[in-house]
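The values are calculated or read from the model by the stated rules, or taken from the named source; none is laboratory data. This one's a predicted model, so the numbers in the text were calculated from it and none came from an experiment. Backbone-built Cβ (ideal geometry, glycine too); neighbour counts: all protein chains shown. With ligands, DNA and RNA removed, areas are computed over all heavy atoms of the protein, side chains included. Shrake-Rupley method; radii C 1.70, N 1.55, O 1.52, S 1.80 Å.
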Amino acid sequence: MNALFPLEIGRIDVVRGTNDPRFGMFNLAGNVSVETAQATGTYVTSRLQGGSFGTQEAQVLGGVTAGGFSQTLFAGARRSDGYRANSASDKWTASGKWFYTSDSARVRVGLIARTHRLDTDAPGYLTRDESRRTPQFSPAFSSTDGGSVDSDHGSLHLDVRQTATLVWSLKAYTQRFDRIRYVRFTAAGAQQERIEDERQTGAIATATWRPARLAAKQFVLTGGADVQQQRNEQFRFRTLERVRQATLRDFDFSLDNAGAFVQASGAPTDWLTLSAGIRADQLRGSFTNNLPAPSTLPILDYGTITQPKLSAGIRLNDRLSAYANYGRGFQIGTGPAAYGRSPLRASVNDGAEVGLVAQPTSAWSVRAGYWEQRASDEVRLRFDNSGDSENVGRTRRAGLDIESTLRVSNAVQFWVAGTSQRAELTEPGARNAAVKGNLLNHVPSWTVKYGAEWAPRAGITASAWAYAQGDYHLTQQNDRGRWGGMHTVNADVSWRWRAAAVGLGVANLFDRYMEYVWWDGAQTLHSPAAARALFLTLTLDR
């Protein structure tokens, strides 16, 4: 997400739960798809922003459409001194989209390219007392912490309307992610240089068939297949002010994932819609630890991992409907945990949800749902600096979601979305029986988002929105207190005149203290979030 700037984002689709069959290893409990801007005319939009903590940002998005050809170009750069000492950052992104659509609109081909660079310092972690007294402080031992991220992406796209009822698409991609991080957590510890180099290539094919004779039943048959190859390297060095002293880790590993799915949906009656699908994934690869001498292990034999998906919708009346869904997702260990001859099973995540969608009036809508997700042998990263993972046992997450939107008038709208949840270890195994029934660490007990939008007249808009969450435990033992609760309010107002718009925004309006907290085995370590910040934005359209 860091590679994307706001001006470039066209829409974001969020699928919560496990009943989406399109993705396997990347759909443990849902997925997020970001669609970037696609030229539909000839235009240039520029945006400049400046504000607190020395923040400066420039974005330019341009598009050209001529006949069946479209070109979309974007460039963005941002720098900031950061709220805390030693937290300056610089990033830039450039991307291009080139697409051609045939005169008959039956065939569309395209190319997308993107490059991104992020350089950042890191202020390190504070003790509890330091975080309260001097939240902007950065300890001296973190003065050379920081790092960089480089990423490149290229993809080829082909969309074909084969017949009036059959469409299919094919995309092939290649991408790399190179990350370097220098980090020292405490004065007693040593600095580490952590390097992750990932190379990914893949292809995704999908087809959708809507048979004409079943059009009245809204029948749709969708199928797809995808493959991804990863070639990854991980290194860690003990360093002194970014000068290497010793090699701590040297991993090479491959991970190949192939999957396919099929899904059928339709409306047997005018009050019932049904959908059923299944997905299957297989994994291949090997892992080499080059220290002290090269030693290679095959990937664990996960076999074929099947994931059934079911959903139903019932229209009770014109203003009330009910829904239910079920699906399965999965995860495997990271790093060495996915390889070897000792069993570390894939964690299977079975999720289900039931709910109601109501529209009491034309201006008021409400959705309420109860959900559960039960994972067998949930996987988590070990906190012993080994890069390995472990199964923590069976877990259960359950919660209640509520969403509502109310339009008071054409000028005023309110919205709210909240979740109350409980995430617990239901069976950690005989060796960890003492933590049975404990809550999972770093999972808030509730989250809420709410806001209001106001457009008193043409060209003027104002909005305020807030995010809040409950606190969480830091350890599996639930013995280090609860931390992380927060509530922050943001607001902005904008005025548009012809092709120009000016906006004023405030983040953390009431200057609430917020932080991320974790337990390092001896003490709590704290990373304070930014205080109140003010930003001014100028947008020009041509």
Taking a probe of 1.4 angstrom, what is the accessible area of Y516 in Å², to the nearest 10? 100 Å²
What is the list of residues in the stretch 142-160 whose amide nitrogen lies under 19 Å from a point 7 angstrom out from the Cα of D178, following Cα to Cβ? 146-155
Ranked from the most accessible area to the least, with a 1.4 Å probe and all protein chains present, what is the order of M486, M1? M1, M486
Top to bottom by accessible area (1.4 Å), largest first, where do V506, V183 land? V506, V183
Identify which of the listed values of Cα extents along the principal axes in Å was calculated from the structure shown: (1) 173, 63, 42; (2) 69, 58, 46; (3) 84, 58, 57. (2)
Once you charge only the Cβ atoms, +1 for Lys and Arg and -1 for Asp and Glu, what is the size of the charge dipole of the stretch 108-184 about its Cα centre, to the nearest 20 debye? 280 debye
Report, in debye and to the nearest 20, how large the dipole of the chain comes out about its Cα centre when Lys and Arg carry +1 and Asp and Glu carry -1 on their Cβ. 820 debye
How big is the equivalent ellipsoid of the stretch 430-542 along its three axes, where each semi-axis is √(5λ) from the Cα gyration tensor, reported in whole Å from largest to smallest? 42, 15, 11
Can you give the extra length, in nm with one decimal, that the chain gains between A94 and D471 once fully stretched, where that is 0.36 nm per residue apart less the Cα-Cα distance? 131.9 nm
How large is Rg/Rh for the stretch 239-289, to two decimals, with Cα atoms and a Kirkwood Rh? 1.49
Let me spell out the model: positive unit charges on the Cβ of Lys and Arg, negative unit charges on the Cβ of Asp and Glu, origin at the Cα centre of the stretch 426-505. What dipole size does that give, in debye rounded to 20? 160 debye
Selection from T115, S311, L381, by position along the positive dipole direction of the chain (Cβ): S311
Equivalent ellipsoid semi-axes, the stretch 215-370, via Cα gyration tensor eigenvalues times 5, rooted, Å: 47, 20, 13
Using only helices, what value at 222 nm comes out for the chain when you add -39,500 (n - 2.57) per DSSP H run of length 4 or more and divide by the total residues, to the nearest 500 deg cm²/dmol? 0 deg cm²/dmol
Place the peptides 238-248, 267-277 in order of packing, highest mean first, counting for every residue the other Cβ atoms within 10 Å and averaging per peptide. 267-277, 238-248
Please work out the ratio of the alpha-carbon Rg of the stretch 1-55 to 2.2 N^0.38 Å and round it to two decimals. 1.60
Counting alpha carbon pairs within less than 8 Å and at least 6 residues apart, what relative contact order, in whole percent, applies to the chain? 9 percent
Ranked packing of 427-439, 24-36, most packed first, by mean Cβ within 10 Å: 24-36, 427-439
